[in-house]
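Laboratory data are not the source of any read-out in this text; all were calculated from the coordinates shown. None of these values were measured; they are calculated from a predicted model. Neighbour counts run over all protein chains shown; Cβ positions are idealised from the backbone, glycine included.
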Amino acid sequence: MPTSRIGGSLSSPTVNVAIDMGNPFLNVTVDGFLKIGAVAATRALAEDTYHVVKKGSVSGRNLEKTLEKMCKEGAYWGSVAGVYVGMEYGMERMRGTRDWKNAMLGGALTGVLVSAATNKGKDKILTDAITGGAIATAANFLNHYLI
């Protein structure tokens, strides 16, 4: 019986920027900050571009607000990502193993730090720790066990 097959591969473009800070902990933290910060800034740009196109007019004030939003979002999410990546790396180094528990602990500690830094109260800090740990653990499982 005749058969046919189609083969191919699809890969996304990758951009790797390496900044050597002289310390592996700092290297992964800065890398996380830059990558996620750039994604957050791009998301802010895309969102504001949509609103400008929908409105049909561009002004200097719109561009200024967009740039301000890009910087704010990039800095915030880049900082959160940098803290998380640094925490996960630190857990890996302290525990001497690379597993899902590092992601869980790193996510929980990141949730605590981000929540405490914004003065949200004890209950919010606890829920943010649980949420951070759960999201990081789920992402780790999805990344390592399903893909």
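Quick notes on this one:
- Relative to the 2.2 N^0.38 Å rule of thumb, the chain has a C-alpha radius of gyration ratio of 1.35.
- Counted by Cβ distance under 12 Å from Gly111, the other residues give a net charge of +1, where Lys and Arg count +1 and Asp and Glu count -1.
- Along the chain, counting only trypsin sites (Lys or Arg not before Pro) with a DSSP assignment other than H, G, I, E or B and at most 14 other Cβ atoms inside a 10 Å radius, the longest segment between sites is 6-97.
- Local charge for Asn62 was computed over the other residues whose Cβ lies under 9 Å away, with Lys and Arg +1 and Asp and Glu -1, and equals +1.
- Note on segment 99-147: the C-alpha convex hull projects to 2.9 nm² when averaged across all orientations.
- Normalised by the number of residues in the chain, the mean separation of alpha-carbon contacts (under 8 Å, six or more apart) gives a relative contact order of 20 percent.
- Taking Cα centre as origin and charging only the Cβ of basic (Lys, Arg, +1) and acidic (Asp, Glu, -1) residues, the dipole magnitude of the chain rounds to 280 debye.
- Value of relative contact order over segment 99-147, rounded to a whole percent, pairs C-alpha under 8 Å and six or more apart: 49
- Look at the alpha carbon pairs under 8 Å that are at least 6 residues apart: their mean separation over the length of segment 22-97 gives a relative contact order of 54 percent.
- Note on Asn119/His51: beta-carbon distance plugged into 1/(1 + (r/R0)^6) with R0 of 30 Å gives a FRET efficiency of 0.45.
- Within the listed set Val83, Val58, Val112, the Gaussian network model of the chain (springs between alpha-carbon atoms below 10 Å) gives the highest mean-square fluctuation for Val58.
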